[in-house]
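These notes concern the structure reproduced below.
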Amino acid sequence: MAREVVWSDPAWEDLTAAAEYIARDSEAYAAAFVQEIKDAATSLSEMAERGQLVPEFRDASIRELLVRPYRLVYHLTARQVTILAIIQGVGQTKRALDDENAQARAMNPIVTILTAVGACLLLAAPLAVEARQAGQALQTVGVLTPQRLEQQAAYPTFLETLRLLGYQEGSNLRLLVRSADGKLDRLPALAAELVAARPDVIVALNTPGVRAAIEATKQIPIVMTLVGDPVGSGFVSNLARPGGNVTGISNMVAELTSKRLALLKEAVPRARRIAAMFNPDDPVTAPQLRDAERAAPALKVETRFFQVKAIEDLPGTFKQIVAWRADAALWILGQQQAFQTGSIELAASYRLPLMVAHPRNVEAGGLISYFPDPVELHRRTAVVVDLILKGAKPGDLPVEQPTKFELTINLKTAKALGIAIPRPLLSRADRVVE
């Protein structure tokens, strides 16, 4: 049975001071962080169901869930943000705990707090956004992408988060988008074009886009996103304090490969030979290949790597894979989105289980994918952009790593291949396509 929350930390005097702070500065609770509060509430609800509630807010796991949205964005101390996070719900929760009504007494106090915080955020957001839009000068954000933005399914989340943070295109925000349309050799010229427009910040997508942006400017702040290995690629010296004019979001591609390989093996237990396709011209593939080589022996599988430089290479590559008698195949992550549709069709024709790059490729017929949640990555990208537009130096902002991953499985494809996905794996899937 969960122990009752002890209201001993922080002191009531601190709570009163925090309340006065909140009254002065409601803008600090912008709607963009509502989702973070909801995520924390969900996590704590799951803890409650498992009987893992902790008794006090002094517990580090609870404190981290509460303070993360505020500490990352407003650079407050852990104690300050803990106070700010709980003040809005503590009064309601205390009343609920003291209430004679049995149902009120049975309420989970921690989740009650988070619900109250979320409600306050929702109520405060419109006023905060209107105030910011009225008071802000025009900000220019450049966006450099190797692929068309239509291929970045979560890009609208980036725009929506900026809007929730108070930026409205045509009012206080100007967006300059430059896309290479899959032709990576165009990126240097596009980056130079963006730099010439002197934006306040440049958002660069994927490894090739970030490299082009860095080569084009050492002064304009750059926010990288969807980058697999920012340290190994030479973009930053370290993740904690990147230095220079670059920060942003890493998707930890290199470390994901062994996990993806293990999931594919779990989905296809009979697999003994797994083919890995990669583009040798993509710099982010090298650490992934090393990771796959390290993981293969423990999984009792043999891996072989097959190069794909162009869509035209796919038919020949699949013939080689089949000739090698592969039991399954996966894509090494990188700049290969243009290859996905053709490879899914070929895999189906050869009845070869294929692990694809992204959830949308599973919807198109791939068997399985495991990838950082792109919605979360784009949302965090917008938050970092907001920080820089407020005056933060990119070199002082840690490069963030994803904390949420999506496992997607296509049962229709599995049935067509004659594969029975094990129940334990299916139960862990975030999305199932049927």
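Looking at the range 362-410, which of its residues are touching a Lys or Arg at 6+ places or on another chain (Cβ under 6 Å) and under 11 Å from Ile249 (Cα atoms)?
If the condition is that a residue be touching a Lys or Arg at 6+ places or on another chain (Cβ under 6 Å) and under 11 Å from Ile249 (Cα atoms), then Glu376, Glu400 are the ones that fit.
Under 8 Å by Cβ, and 6 or more places apart or on different chains, what pairs join a residue from the range 373-397 that is within 30 Å of Ala357 (Cβ to Cβ) and touching a residue at least 60 places away in the same chain (Cβ under 8 Å) with one that is assigned to a helix (DSSP H, G or I) and aromatic (Phe, Trp, Tyr)?
What qualifies is His378/Tyr155; His378/Phe158; Arg379/Phe158; Thr381/Phe158; Ala382/Phe158.
Residues checked against (1) crowded, with 24+ Cβ neighbours inside 10 Å; (2) without any contact (Cβ under 8 Å) to a residue 40 or more places away in the chain; (3) outside any helix (DSSP H, G or I):
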| residue | (1), (2), (3) |
| --- | --- |
| Ala153 | no, no, yes |
| Thr161 | yes, no, no |
| Gly166 | yes, no, yes |
| Lys218 | no, yes, yes |
| Leu239 | no, no, yes |
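Out of the range 292-314, which residues are in contact with a helix residue (DSSP H, G or I) (Cβ under 7 Å, 6 or more places away or on another chain) and over 20 Å from Gly334 (Cβ atoms)?
Scanning the range 292-314 gives Leu299, Val301, Glu302.
Identify, please: which residue in the range 136-151 is within 20 Å of the chain's Cα centre (by Cα) and closer than 13 Å to Ala213 by Cβ and is, among those, modelled with the lowest pLDDT? Show your work before the answer.
Initially, the range 136-151 is screened for residues within 20 Å of the chain's Cα centre (by Cα), giving 143-151.
Retained after the next criterion (residues that are closer than 13 Å to Ala213 by Cβ): 143-146.
Numbers: Val143: 97, Leu144: 96, Thr145: 94, Pro146: 88.
Filtering first and then ranking leaves Pro146.
Could you please find all residues in the range 189-209 being over 20 Å from Lys309 (Cβ atoms) and either in contact (Cβ under 8 Å) with a residue 60 or more places away in the chain or not aliphatic (A, V, I, L, M) (or both)? Explain how you work it out, then say what you get.
Applying the first criterion (over 20 Å from Lys309 (Cβ atoms)) to the range 189-209 yields 189-205.
Once the filter is applied, which keeps residues that are over 20 Å from Lys309 (Cβ atoms) and either in contact (Cβ under 8 Å) with a residue 60 or more places away in the chain or not aliphatic (A, V, I, L, M) (or both), the range 189-209 yields Glu193, Arg198, Pro199, Asp200, Val201, Ile202, Val203, Ala204, Leu205.
Mind telling me which of the residues Thr413, Thr341 ends up being modelled with pLDDT of 95 or more and either in a helix (DSSP H, G or I) or in contact with a strand residue (DSSP E or B) (Cβ under 8 Å, 6 or more places away or on another chain) (or both)?
Numbers: Thr341 fails: modelled with pLDDT of 95 or more.
Going through Thr413, Thr341 in turn, just one is modelled with pLDDT of 95 or more and either in a helix (DSSP H, G or I) or in contact with a strand residue (DSSP E or B) (Cβ under 8 Å, 6 or more places away or on another chain) (or both): Thr413.
What residue, among those in the range 366-389 that are at pLDDT 95 or above and assigned to a loop (DSSP other than H, G, I, E, B), is nearest to Ile220 (Cα to Cα)?
Gly366
Of the conditions (1) within 26 Å of Asp373 (Cα to Cα); (2) over 19 Å from the mean Cα position of the chain (by Cα); (3) modelled with pLDDT under 95, Leu176 clears all except one; give me its number.
Going through the list (1) within 26 Å of Asp373 (Cα to Cα); (2) over 19 Å from the mean Cα position of the chain (by Cα); (3) modelled with pLDDT under 95, Leu176 breaks only (3).
The values are calculated or read from the model by the stated rules, or taken from the named source; none is laboratory data. Predicted model, so just to flag it, every value in this text is computed and none were measured. As a convention, Cβ positions derive from the backbone with ideal geometry for all residues, glycine included, and neighbour counts pool all protein chains shown.
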